[in-house]
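This report refers to the structure that appears directly beneath it.
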Amino acid sequence: MTNIAPAPALPGWTHTYSGKVRDLYVPANGDDRFLLVVASNRVSAFDHVLEPPIPGKGGLLTELSNWWFSRIPMPNHLATGHPEAPAMPSEVADRAVVSRRLEMYPVECVVRGALTGSGFAEYQRTGAVCGIPLPEGIEDGDLLDEPIYTPAYKAPLGEHDENITFERSAELVGPEVAAALREASLRIFTEARQLAAERGVILADTKFEFGRDPETGELVLADEVLTSDSSRYWDASLYLDAALDRSARLASFDKQIVRNWLAAHWDRTGEPPALPAEIVSRTYDRYRELFVRLTGTEPSATPGA
Ligand SMILES: N#Cc1c(N)ncnc1-c1cnn(Cc2cccc(F)c2)c1
């Protein structure tokens, strides 16, 4: 994988881990009640972190996730207003959140309202996804009659997650928590999909992460929620236009531009080529278009920031 630029040093915080596109910090004073989750401008595709970064991406996705958190009626991990939360470093204030540190459940809570990607691949192999049998004849990108909960085991950081059955998730976290994860994931997805649909956007699938608050024991929604990094969003008018080919119909509001360019300019061997400036700007524009469609406002952070 491309060498990731080192996460920036931030006063009062110690860098502890970097994912493909986000960086985690803990308080430098050893307070284990909080975390800083910083969204970089990095973009990844085909398991590679690409160059150059997309200016403004981290801030836009952080703002979109916070917009959704404020509309989801359940406890979340944001430490906004917590009297003892460490200060937000000004260097990353537009693209980071100070969060309560949770005991994270090792389950990626995936909900699918349409079948594509790894879910469609599993369906093609087995006729089911995560042990849920589906009707014959479903094609890539088809909407499902009802959303399905298709959990994955959160492999150790950096490895691929593995689709599991609900029953396996119950072995991992216990039956009560497994049922609560499924119920919360389906409920949030259903409400978010409706809001998106009212704005002409299809929420095809998404991934939630939950944790347990060590002080209260309550179930808490964590990580990022309903961003175009954790979800697939499609334009409803394009999706319904039968005259278009599949890739145009499933034009997602995220990295499809990047994936299409890479598919045409990289043979998947060695390191991927750097993205041209036009692809970088068009990709930001797609992230921004989704943000504007869903929230009705322009993102606060601008690419030049
Ligand atoms: N959110 C949250 C969270 C929390 N509130 N408490 C404890 N752990 C986490 C936590 C652990 N991993 N991740 C995902 C992740 C991976 C890689 C880089 C990142 F920035 C982020 C989130």
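The values are calculated or read from the model by the stated rules, or taken from the named source; none is laboratory data. Owing to the predicted nature of the structure, the values given are computational and were not obtained by experimental measurement. Every residue, glycine among them, receives a Cβ derived from its backbone with ideal geometry; neighbour counts consider all protein chains shown. The area values use the complete protein model at the heavy-atom level, side chains included, leaving out ligands, DNA and RNA. Shrake-Rupley method; radii C 1.70, N 1.55, O 1.52, S 1.80 Å.
Show me the GluC sites (Glu not before Pro) within the range 152-218 that DSSP assigns to loop and that have at most 10 other Cβ atoms within 10 Å of their Cβ.
E159, E198, E215
Please report, in debye to the nearest 20, how large the charge dipole of the range 13-100 is about its Cα centre when each Lys and Arg carries +1 at its beta carbon and each Asp and Glu carries -1 there.
Once rounded to the nearest 20, the dipole reads 240 debye.
What is the set of long-range amide H partners of L50 at a cut-off below 5 Å, with H atoms built 1.01 Å from backbone N?
Result for L50 returns V43, S44, A45.
Excluding P86 itself, what net charge comes from residues whose Cβ is under 15 Å from its Cβ, given Lys and Arg +1 and Asp and Glu -1?
Net charge around P86: -1.
Amide H of V201: which non-local residues (sequence gap of 5 or more, or other chain) have their own amide H closer than 5 Å, using H built in the peptide plane?
A236
Run the 1.4 Å probe and let me know the accessible area of D245, rounded to the nearest 10 Å².
Ignoring ligands and nucleic acids, D245 comes out at about 90 Å².
Provide the solvent-accessible area of D145, counting protein heavy atoms only and rolling a 1.4 Å probe, rounded to the nearest 10 Å².
Its accessible surface works out to 140 Å², give or take rounding.
Per residue, how many Å² of accessible area does the chain show with a 1.4 Å probe?
Value for the chain: 46 Å² per residue.
Search the structure for amide H atoms under 5 Å from the amide H of S252, placed 1.01 Å from N in the peptide plane, and list their residues when 5 or more places away or on another chain.
The answer is none.
Along the charge dipole of the range 13-100, which of S18, T62, P73 sits closest to the positive end, that is, farthest toward it, with unit charges on the beta carbon of Lys, Arg, Asp and Glu (+1, +1, -1, -1)?
P73
Counting Lys and Arg as +1 and Asp and Glu as -1, each charge on the Cβ, what is the dipole of the chain about the Cα centre in debye, to the nearest 20?
That gives a dipole near 480 debye.
What figure in square angstrom, to the nearest 10, would you give for the accessible area of M74 with a 1.4 Å probe?
30
For the range 13-100, list log₁₀ I(q)/I(0) at each q in 0.10, 0.20, 0.24 Å⁻¹, using the Debye formula over Cα point scatterers of equal strength and ignoring solvent, two decimals each.
Debye intensities relative to I(0), on a log10 scale: -0.27, -0.99, -1.25.
May I ask for log10 I(q)/I(0) of the chain at q = 0.09, 0.11 Å⁻¹, from a Debye sum over the Cα atoms as equal point scatterers with solvent left out?
So the normalised log intensities work out to -0.45, -0.69.
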